[in-house]
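Read through the structure below, which is laid out as structure tokens, and then see the notes.
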Amino acid sequence: MITFDKFEQGLTEGKQVGPLYHFTTLPYTISMIHNDIIKGRVRSKSCELPDNKCAISFTRDKNFNKKGGRIIQGQEVRLTLNGDKLSDNYKIVPYSYLGGSTDISNVAFRKTMGDEMEEMVIVPKGGGVKKLSKYVTEIRIYNKEVIKVFPMYNFSNLFSLIGIDILNTKTKDDIYTLVDDCLKWFKGKGFKVAFEK
């Protein structure tokens with residue numbers, strides 16, 4: 001059996017990956033941009049990573065969050081990253097949730113993934129993709145979904161990072177203003193932003 005270390009050594013850095021997409025919530029997007037990092041998390045159920053490794057989930061499907069014509073809850077923001085640049089500094093591994101071995105060092109697992117659109121970026125445990133701004137090419141907010149999931153934001157103090165008082169955001173118009181303020185903040189940080197009503 002191939003060990004993870006040998007498998008990792010066999011990966012080619014600087015691959016032609018193309019754009020990669022990471023879907024998340026608006027509060028977590030603010031946190032990621034503010035801290036300039038997407039943090040990794042252990043994916044013990046979907047792959048067998050060594051104890052000192054974590055993974056971040058990405059996809060090559062830009063419409064991954066749209067299932068049955070609806071946006072999946074908790075995926076109202078889409079970050080687009082330059083996968084080619086990302087592969088210069090991080091290991092990117094295709095994977096599938098569907099059947100077979102979940103050991104990413106298993107050759108058979110990697111050969112039978114077919115057209116699976118999922119990618120894992122492997123990072124040290126407790127780490128993540130640092131200097132995120134170097135890789136992000138667009139931030140897209142799906143406004144209708146923000147309206148739907150807004151009650152979930154009430155627990156979050158992440159908006160305070162950009163000077164938004166979440167407690168004073170109550171009506172639909174307030175939420176539109178909140179989204180607009182977020183867009184302005186992202187633009188002020190130098191990001192290309194997009195907005196879908």
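Which of the residues that make up segment 146-160 are at pLDDT below 85 and either within 19 Å of the chain's Cα centre (by Cα) or among the aliphatic types (A, V, I, L, M) (or both)? If the condition is that a residue be at pLDDT below 85 and either within 19 Å of the chain's Cα centre (by Cα) or among the aliphatic types (A, V, I, L, M) (or both), then Ile147, Met152, Tyr153, Ser156 are the ones that fit.
Scan segment 163-188 for residues that are of a type in the set (Phe, Trp, Tyr) and either touching a strand residue (DSSP E or B) at 6+ places or on another chain (Cβ under 9 Å) or modelled with pLDDT under 85 (or both) and report the count.
Qualifying residue count for the region: 1.
Residues in segment 3-18 that are loosely packed, with under 15 Cβ neighbours inside 10 Å and either of a type in the set (A, V, I, L, M) or at pLDDT 95 or above (or both): Leu11 only. Within segment 133-172, the set of residues being surrounded by 14 or more Cβ atoms within 10 Å (Cβ to Cβ) and in a loop (DSSP other than H, G, I, E, B) comprises Tyr135, Ser156, Ile164, Thr169. The condition of being surrounded by fewer than 20 Cβ atoms within 10 Å (Cβ to Cβ), in a loop (DSSP other than H, G, I, E, B), of a type outside the set (Asp, Glu) and at pLDDT 90 or above holds for only one of Lys62, Lys85, that being Lys62.
Could you identify the single residue in Gly114, Gly99, Gly74 that is over 21 Å from Lys192 (Cβ atoms), assigned to a loop (DSSP other than H, G, I, E, B) and modelled with pLDDT of 65 or more?
Gly74
Taken over segment 20-41, the criterion of being of a type in the set (S, T, N, Q), within 23 Å of Ile147 (Cα to Cα) and in a helix (DSSP H, G or I) is satisfied by Thr29, Ser31.
The values are calculated or read from the model by the stated rules, or taken from the named source; none is laboratory data. Keep in mind that what you see is a predicted model, and the values were worked out from it rather than measured. Here the Cβ is made from the backbone with ideal geometry for all residues, glycine too, and neighbour counts use every protein chain on show.
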